[in-house]
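Asks: The structure follows.
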Amino acid sequence: MIQIPGTDLTVSDIGLGTVKAGITYETADELISAFLSEGGNLIDTARIYSDWIPGEIGRSERVVGDAIARLGVRSRVVLMTKGGHPDISNGFDNMPKRMSPADMRYDLEQSLRALQTDVIDIYVYHRDDPDQPVPEEIEVMETFRREGKIRWYACSNWTADRMSEADVYCKEHGYRGFICDQSLLNAGVPRMLTPSDPTLTVVKDEVYAYHVKNPDNVLMPFSSVAEGYFHRLLLKGEGGGDYDTEGNRAFAKKIPALQEKYGATITQVLLGYFRTMPFTCIPLFGPRDVSQLSDAMKAMEIPFTEEDYRL
């Protein structure tokens, strides 16, 4: 378990990602029950999940909220959700920004209703709008906090400069500020192509240096197993996509040796990468079923080293 600095939150080493929670009630109940029994407590969702599947808006939050209510486990869960994602109603190209105070309030109210809770433990800006002043964005979150609708707040896909500006503003005003950052990091990121989605922030260069210098803003990386790239390459011989580079193909050849060295699975090797970072990482992992979940939860027990991931 990991204590998030400056808060009363103690969270599991891995967060349960629910981006694909447009699934049956039984599967959601089973996954959440298994996650809690494995020692997990951090559940991550978002208002936008999974609106790209026709038929329902806010499906993931509804499925997660229903499951938590049926299981009666709200008090055992640290619930994290995100608002302010750009509008995808006309596709993923040239998505209109929607991070105004009114947009954020609308998303928050919808999230509270769908998740069947009075308060969100960690509420996250899903994207950033560089045209909006940082103080305005912080004050929106502080308003929600004072209203008792959120306990703590965070950011996702922000630049190092914007996070630093937020840190300075919060320190000047006596606010705790962002307790975590959800950005893109995994074992394939150092050698990947520029992401196809330009709104994503990759933990390289300035963002990496920011987290080294500012460990109180805990990194919670998404796409923690590189969207299955290494699994497909090693198990099916399939490449392609943003991760398909000469460097990542070379790294993939190291994975079987690491599996043998530690008696580990591919997933465990990939998740072990986060334990070698010079700052705290709590990867978000979205399992398909309980067996994948159980496999992933064991990764944090394996003593991988920084040398294991060097080419």
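The values are calculated or read from the model by the stated rules, or taken from the named source; none is laboratory data. Everything numeric here is computed off the predicted structure, so don't read it as measured data. Please note: Cβ atoms are built from the backbone with ideal geometry, for glycine as well, and neighbour counts cover all protein chains shown.
Asks: Looking at the range 1-21 only, could you name the residues that are in contact with a Leu (Cβ under 8 Å, 6 or more places away or on another chain), in a strand (DSSP E or B) and touching a residue at least 60 places away in the same chain (Cβ under 8 Å)?
Replies: VAL11, GLY15, LEU16, GLY17 - these are the residues of the range 1-21 that are in contact with a Leu (Cβ under 8 Å, 6 or more places away or on another chain), in a strand (DSSP E or B) and touching a residue at least 60 places away in the same chain (Cβ under 8 Å).
Asks: On to the next question. Specify which of the listed residues (ILE122, ILE53, ILE68, ILE57) is free of Cβ contacts under 8 Å to residues at least 24 places away in the same chain, among the hydrophobic types (A, V, I, L, M, F, W, C) and either buried (at least 16 other Cβ atoms within 10 Å of the Cβ) or in a loop (DSSP other than H, G, I, E, B) (or both).
Replies: ILE57
Asks: Right, ASP181: buried (at least 17 other Cβ atoms within 10 Å of the Cβ) and on the phi < 0 side of the Ramachandran plot or not?
Replies: Here the answer is yes, as ASP181 does meet what is asked.
Asks: Does ASP289 satisfy being exposed (fewer than 15 other Cβ atoms within 10 Å of the Cβ), touching a residue at least 24 places away in the same chain (Cβ under 8 Å) and closer than 16 Å to PHE35 by Cα?
Replies: The answer is yes for ASP289.
Asks: A further question on this structure: If you go through the range 144-189, how many residues are assigned to a loop (DSSP other than H, G, I, E, B) and in contact with a Leu (Cβ under 8 Å, 6 or more places away or on another chain)?
Replies: 6
Asks: Could you grab me the full set of residues in the range 236-254 that are part of a helix (DSSP H, G or I), over 24 Å from the mean Cα position of the chain (by Cα) and over 9 Å from ARG191 (Cα atoms)?
Replies: LYS236, ARG249, ALA250
Asks: Related question: Taking the residues in the range 242-286 that are small (Gly, Ala, Ser) and in contact (Cβ under 8 Å) with a residue 24 or more places away in the chain as candidates, determine which candidate is surrounded by the most Cβ atoms within 10 Å (Cβ to Cβ).
Replies: GLY272
Asks: Can you tell me how many residues in the range 190-215 are part of a helix (DSSP H, G or I), surrounded by fewer than 21 Cβ atoms within 10 Å (Cβ to Cβ) and of a type outside the set (A, V, I, L, M)?
Replies: Residues that pass the stated criteria total 6.
Asks: Just to be sure I understand the filter: pairs with C-beta atoms under 8 Å, separated by 6 or more residues or on different chains, first member in the range 35-48 and farther than 18 Å from ASP181 by Cα, second member among the small types (Gly, Ala, Ser) and in a helix (DSSP H, G or I). Which pairs pass?
Replies: GLU38/SER294
Asks: Going by the conditions given, is VAL218 surrounded by 14 or more Cβ atoms within 10 Å (Cβ to Cβ), under 23 Å from ILE43 (Cα atoms) and touching a Cys at 6+ places or on another chain (Cβ under 6 Å)?
Replies: Considered against the rule, which asks whether it is surrounded by 14 or more Cβ atoms within 10 Å (Cβ to Cβ), under 23 Å from ILE43 (Cα atoms) and touching a Cys at 6+ places or on another chain (Cβ under 6 Å), VAL218 comes out as yes.
Asks: In the range 182-196, which residue that is of a type outside the set (S, T, N, Q) and in contact with a strand residue (DSSP E or B) (Cβ under 9 Å, 6 or more places away or on another chain) is modelled with the lowest pLDDT?
Replies: PRO195
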